[in-house]
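The values are calculated or read from the model by the stated rules, or taken from the named source; none is laboratory data. Remember, predicted model here, so these are calculated numbers, not experimental data. Reconstructed Cβ throughout: ideal geometry from the backbone, glycine too, with neighbour counts over all protein chains shown.
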Amino acid sequence: MLLVIFGIGANCQVSLSNNQNVSAAPKGSYTSVGFGFAVGISLGVWVSASRSGGHINPAVTIALATFRKFPWRMVPGYIFSQLLGGFIGAALIYANYYHAINIFEGGSGVRTLLTAGNFADWGRFKLDYMTNVSAFFSEFLGTALLVFIVFAATDPRNAIPSAAIPFILFTVLLGIALCLGMETGKIYLFTLGFAVNPARDLGPRLLTSIVGYGGAVYSFRHQYWLWGGILAPILGGVTGACFYDVLFIDSGRFKNV
């Protein structure tokens, strides 16, 4: 919920404020959106660490279940909670920016993919040279890097204090946003649409389909929500975790964990 509030909140503020009827001057840029998502992940992990181990991303949860013996029986409950948090965060941001969205769209209740891009990863605003395969790879790579750093930060041999992990995640997500987020992000008006987290994408997408954006949020670009927002991050996360273990973990190190 916190990840979505700060990240999507930044998206909406930057995008909607570019309309002079919403704000006299633009409020922020692509860089400020990157910081918004970075703040969201760090606060989300910090708040939830003592309760859930800081899981706010299904791709991370699945990677931990695959390589760190996190109980598979707990995975469905964790993912449901992550999706619910994403949905609630999006609902709060939608309520907060409801009137600004009406003005931006040109009428009360008018809802198009133009403002839907503030809430989820659409792939609609990809650069012209981006194929579907390229968009998939961009999400795959970003999530692989995220999970790779998560595994490094939680490796007992690195002796990183648990209190430092939220800051590490702040750094890595900011890096992903500023260095890799352009291609599948929403380029128009500087908002950031990449996923690297299925719950951050699907939770807000469910909200948009309820509040009037319609079925286009699922059918657009050959069901991009499924292969770009969910499959690519999950496969990227598992690959990043595997890559870390292949490079840095000697065989059998975790067999008794």
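For the reader, a short list of remarks on this structure follows.
- In region 182-200 there is no residue matching the filter, namely being within 16 Å of PHE136 (Cα to Cα), among the acidic types (Asp, Glu) and at pLDDT 85 or above.
- VAL110, sole failed condition from (1) in a loop (DSSP other than H, G, I, E, B); (2) under 29 Å from PHE151 (Cβ atoms); (3) among the hydrophobic types (A, V, I, L, M, F, W, C): (2)
- Screening region 5-24 for residues that are among the aliphatic types (A, V, I, L, M) and touching a residue at least 24 places away in the same chain (Cβ under 8 Å) and picking the one that is surrounded by the most Cβ atoms within 10 Å (Cβ to Cβ) gives ILE8.
- Within region 62-90, considering residues that are surrounded by fewer than 24 Cβ atoms within 10 Å (Cβ to Cβ) and touching a Phe, Trp or Tyr at 6+ places or on another chain (Cβ under 8 Å), the one farthest from ILE176 (Cα to Cα): LYS69
- Long-range neighbours under 7 Å by Cβ, at least six apart or interchain, first residue free of Cβ contacts under 8 Å to residues at least 40 places away in the same chain within region 69-85, second buried (at least 17 other Cβ atoms within 10 Å of the Cβ) and not in a helix (DSSP H, G or I): TYR78/HIS55
- Positions within region 71-101 being farther than 29 Å from SER15 by Cβ, in a helix (DSSP H, G or I) and touching a helix residue (DSSP H, G or I) at 6+ places or on another chain (Cβ under 9 Å), in sequence order: TRP72, MET74, VAL75, TYR78
- Hey, SER15 more than 17 Å from LEU173 (Cβ to Cβ) and within 18 Å of the chain's Cα centre (by Cα) or not: yes
- In region 25-48, residue farthest from SER81 (Cα to Cα) [restricted to those that are surrounded by fewer than 16 Cβ atoms within 10 Å (Cβ to Cβ) and of a type in the set (A, V, I, L, M, F, W, C)]: ALA25
- Here ALA25 meets each of (1) at pLDDT below 95; (2) in a helix (DSSP H, G or I) with one exception, condition (2).
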